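Q: Sending over a structure as structure tokens; questions will come in a sec.
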């Protein structure tokens, strides 16, 4: 507050970490609002005529309005396409999300919104820096970022998956602490391909932590209504269920934990980055040959029990004949426009915010563009969104040292080749950790925190399909063509296609409608 009084809007440039706030400036007779650079904390607002309402949750805006605005039909299409509704949209007309790295001024009945930080401003600033200098600077930045986020007057811990990102954080926590670190790992009953507890245990023993394994078999029938209620709008990434359970159980031992979210986006860890990297090397092949090859992908079976390699192979082959922005969008989207036209009785046109963000970038490097687009869209709208909402539902705070803006600025400034080099993803942090953690952790393939949704929908959650997606329920809702939903279910149950997240997104949407008496 004092910093704002002295410096006004410029105070934002000195803030570090997560925030969303509003300050009434009596002297200027205006409301000054802002959201952190990456969008960790939420900020929503309503504006119509002379009425302006803001809050951290949509439900609080609705309470103030006392009546619900109309549904934003384009947002339904966006939700089904991305599994989330991207900012600035919400599911309601006239209720908006303030974009990350933006400030909002409400003055004399009018709103003005301005960007105060942009990742793109740092592209290429250190393009000529040597690898040794990069490693030296990155080491110092990560050390500082983790150290800052270890400041707490309550019990602190770290989520440990056994993957490279959480291991990186644990390394710096151990380096900066004179006592044992609390570590927490999530495991599953009966879903070994998703379980990383063995690798987490190796890391915990290596750094001699107070280690707790949280083994869950979530009752999604109970969790689904809670999840939908917390989000206030449809949100289809089922990892949110896991974060809810993880933070609920971790709260028994600690109140704050550090997490490795953002590591893939910053350091080059996603399979889609490898796909774009490989596609560039195949530029010499005529596009029509790729288009021909894509016609044969229907003969490649998919495994709905959780192994995504065949699905990724199909996505890669079918996207090779497309422009880079379409290739990228194929990797991060679900219902395509063609499928939405088959699914929806009335197709709702919508903005393809991911492709639009891609096309606005003034750079040629596909991996750099993928990273920036992820940091601007996928990370705040998806991962950080569920991370904050599900943890705060349990009065638990999660901190993200890898997405410190100084780390991001530095990584954006260097040559992109250091994201994927010598065939290695996350080249720089693997180099940093060599000799400091067990080699197995450095070389293990990426798994990620994903629930075994394909397995659940065939077993524990099969009744959900009969309840939420029955012919009677679908026809009563009046939005969807039941025949196409039948096709999705058939493809999933016969392992022709991995349709688990498509089906789950429809179940979530129907639950949201029911909770809101629609």
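Each value in this text was obtained by applying a stated rule to the coordinates, not by laboratory testing. What you see is a predicted model; the values in this text were computed from it and never measured. A quick note on method: Cβ atoms are made from the backbone with ideal geometry, for glycine too, and the neighbour counts reach across all protein chains shown.
Q: If the viscosity is 0.692 mPa s and the temperature 37 °C, what Stokes-Einstein diffusion coefficient in µm²/s follows for the stretch 2-117 when Rh is the Kirkwood radius over Cα pairs?
A: For these conditions, the coefficient is 218 µm²/s.
Q: Between the stretch 74-99 and the stretch 127-148, what is the C-alpha centre distance in whole Å?
A: Result: 36 Å between the Cα centres.
Q: Right, something else. For the ranges 28-36, 490-498, what's the packing order if you count other beta-carbon atoms within 10 Å of each residue, average per peptide, and put the highest first? Mind showing how you got there, number by number?
A: On the way: 28-36: 18.6, 490-498: 16.0.
Listed from highest to lowest mean packing, they are 28-36, 490-498.
Q: What order, most packed first, do the peptides 398-404, 500-506 have when packing is the mean number of other Cβ atoms within 10 Å of each residue?
A: 398-404, 500-506
Q: Quick one: work out Rg over Rh on the C-alpha atoms of the stretch 174-257, Rh as Kirkwood radius. Could the numbers behind the result be given before it?
A: Details: Rg = 15.0 Å, Rh = 14.5 Å.
With Rh from the inverse mean 1/r over Cα pairs, Rg/Rh is 1.03.
Q: Here is a further query. What ratio of Cα Rg to 2.2 N^0.38 Å holds for the stretch 78-164?
A: Normalised Cα radius of gyration, the stretch 78-164: 1.66.
Q: Take every DSSP beta bridge whose two residues both sit in the chain, then give the antiparallel share in percent to the nearest 5. Let's see the in-between values first.
A: On the way: 28 of 45 bridges.
Antiparallel bridges make up about 60 percent of those DSSP assigns within the chain.
Q: Right, something else. How large is the translational diffusion coefficient of the stretch 311-384 in µm² per second when you combine the Kirkwood radius over alpha carbon pairs with Stokes-Einstein at 4 °C and 1.567 mPa s? Walk me through the numbers before you get to the answer.
A: Numbers: Rh = 13.5 Å.
Taking Rh from Cα pairs, D becomes 96 µm²/s.
Q: Please report the relative contact order for the stretch 418-518, taking Cα pairs under 8 Å with a sequence separation of at least 6, and give it as a percent rounded to a whole number. Mind showing how you got there, number by number?
A: Values: 51 pairs, mean separation 18.3, N = 101.
Rounded, it is 18 percent for the stretch 418-518.
Q: Counting alpha carbon pairs within less than 8 Å and at least 6 residues apart, what relative contact order, in whole percent, applies to the chain? If you can, show how the numbers build up before the last one.
A: On the way: 816 pairs, mean separation 109.2, N = 518.
That works out to 21 percent.
Q: What is the stretch 2-117's relative contact order, in percent, from Cα pairs under 8 angstrom and six or more apart in sequence?
A: Details: 190 pairs, mean separation 29.4, N = 116.
RCO, the stretch 2-117: 25 percent.
Q: With n ≥ 4 as the cut-off for DSSP H runs, can you work out [θ] at 222 nm for the chain, using -39500 (n - 2.57) per run divided by the number of residues, rounded to the nearest 500? Walk me through the numbers on the way to the answer.
A: Numbers: 25 runs with 234 residues, N = 518.
After summing the helix terms and dividing by the residues of the chain, the value is -13000 deg cm²/dmol.
Q: Now for a different question. Could you sort the peptides 9-15, 197-203, 430-436, 167-173 by per-residue average Cβ neighbour count (10 Å cutoff), highest mean leading?
A: 167-173, 197-203, 430-436, 9-15
Q: Using every Cα-Cα pair within the chain, state what percent have a distance larger than 39 Å.
A: Details: 32201 of 133903 pairs.
The share of Cα pairs beyond 39 Å in the chain comes to 24 percent.
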